[in-house]
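Peer 1: Below: one structure in structure tokens.
The values are calculated or read from the model by the stated rules, or taken from the named source; none is laboratory data. Since we're looking at a predicted model, the values are computed, not measured. Backbone-built Cβ (ideal geometry, glycine too); neighbour counts: all protein chains shown.
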Amino acid sequence: MKLNIALFVLGLLLIIGGVVVHFLKIDFSANALIISGMMVEFLAIYLIFKTFSNIKKDD
């Protein structure tokens with residue numbers, strides 16, 4: 001569960017980093033940061049739902 005939360009926070013940081021790079025107009029691909037952040041978010045959400053469904057099955 002700690003890994004899931006860490007992945008979720010990492011995804012949020014990547015998305016926020018992409019937005020900051022976009023608004024500060026730094027010479028770096030903001031889209032790459034945002035897209036990778038979204039992929040990490042989807043992975044984290046999938047793992048969180050999978051963990052909770054396994055917990056629910058055990059009860």
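Peer 1: Return yes when Leu47 is modelled with pLDDT of 85 or more, surrounded by 15 or more Cβ atoms within 10 Å (Cβ to Cβ) and assigned to a helix (DSSP H, G or I) and no when it is not.
Peer 2: Against the criterion (modelled with pLDDT of 85 or more, surrounded by 15 or more Cβ atoms within 10 Å (Cβ to Cβ) and assigned to a helix (DSSP H, G or I)), Leu47 qualifies.
Peer 1: Still on this model: Which residue out of Leu14, Leu10 is surrounded by 13 or more Cβ atoms within 10 Å (Cβ to Cβ), free of Cβ contacts under 8 Å to residues at least 40 places away in the same chain and either of a type in the set (D, E, K, R) or touching a Ser or Thr at 6+ places or on another chain (Cβ under 7 Å) (or both)? So that I can check it myself, show each step before the final result.
Peer 2: On the way: Leu10 fails: either of a type in the set (D, E, K, R) or touching a Ser or Thr at 6+ places or on another chain (Cβ under 7 Å) (or both).
None of the other options fit; the residue is Leu14.
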